Amino acid sequence: MERLHIAILAAGVIIGGGVAVIGQVFMGVSIFIVLATIAMSLHIMNDTKNLPDLDCRLAEDAKSVVIKNTGSGPAHQIHVALVPMNIEFDVRTLGVDEEYAYHLPAMIEEVKAVVTYKDSEDKKFGRSYKLSSLEENDPLQPMFPLFSWK
């Protein structure tokens, strides 16, 4: 964590301890719980600071594959294989919120894209996507039907 975060948490612990000693034990414990929650949130934010996340989809006309980096860090050495079309291509780097479109020789109905990439610290990531021009992909769809969804 950064120095400022540690200083703010330390000041909160001192204030919470002071409040607990004065006689407001429940208030002191409440301050401690809030500070522990903030510390955990800062630690989680630090872990996801420079993490790329690639999203792969078909364009509306089904003539190109679009790769977009939706993460918080750049993705390097991106390799995409389209199965069973036997097409492979590489993208050198995609920055945050950048996208790249690979144009296909013809329209495709359904294909599986296997994507591998690295982050700035050379940590490898991989993911596969089922791409279809006929099925709609709703990112808000629940894993199992709830409350008569759609």
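Just a few scattered comments:
- Pairing each residue of the range 93-109 that is under 22 Å from residue 135 (Cα atoms) with any residue that is of a type in the set (Asp, Glu), provided the two are 6+ apart or on different chains, yields C-beta distances under 8 Å for 107/61.
- Within the option set 111, 115, being modelled with pLDDT of 95 or more and surrounded by 11 or more Cβ atoms within 10 Å (Cβ to Cβ) holds for one residue only, 115.
- Options 22, 31: the member that is among the β-branched types (Val, Ile, Thr) and surrounded by 13 or more Cβ atoms within 10 Å (Cβ to Cβ): 31
- Some residue of the range 93-107 being of a type in the set (Val, Ile, Thr), assigned to a strand (DSSP E or B) and within 16 Å of residue 59 (Cβ to Cβ): no
Yes/no per residue for (1) exposed (fewer than 15 other Cβ atoms within 10 Å of the Cβ); (2) closer than 13 Å to residue 113 by Cα:
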{"position": "48", "(1), (2)": "yes, no"}
{"position": "55", "(1), (2)": "no, yes"}
{"position": "65", "(1), (2)": "no, yes"}
{"position": "75", "(1), (2)": "no, no"}
{"position": "78", "(1), (2)": "no, yes"}
{"position": "91", "(1), (2)": "no, no"}
{"position": "94", "(1), (2)": "no, no"}
{"position": "100", "(1), (2)": "no, no"}
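- Residue 76 meets each of the listed conditions (1) within 30 Å of residue 134 (Cβ to Cβ); (2) in a strand (DSSP E or B) apart from (1).
- Taken across the range 130-145, residues that are modelled with pLDDT of 90 or more, charged (D, E, K, R) and either surrounded by fewer than 13 Cβ atoms within 10 Å (Cβ to Cβ) or under 20 Å from residue 93 (Cα atoms) (or both) do occur, with at least one present.
- Looking across 34, 65, 21, one residue alone is touching a residue at least 40 places away in the same chain (Cβ under 8 Å) and of a type in the set (Val, Ile, Thr). It is 65.
- Among the residues of the range 35-60, those identified as modelled with pLDDT of 80 or more and either over 30 Å from residue 73 (Cβ atoms) or among the acidic types (Asp, Glu) (or both) are 53, 55, 60.
The values are calculated or read from the model by the stated rules, or taken from the named source; none is laboratory data. In this text the structure is predicted, and so the values were computed from the model without any measurement. Virtual Cβ from ideal backbone geometry, glycine too; neighbours counted across all protein chains shown.
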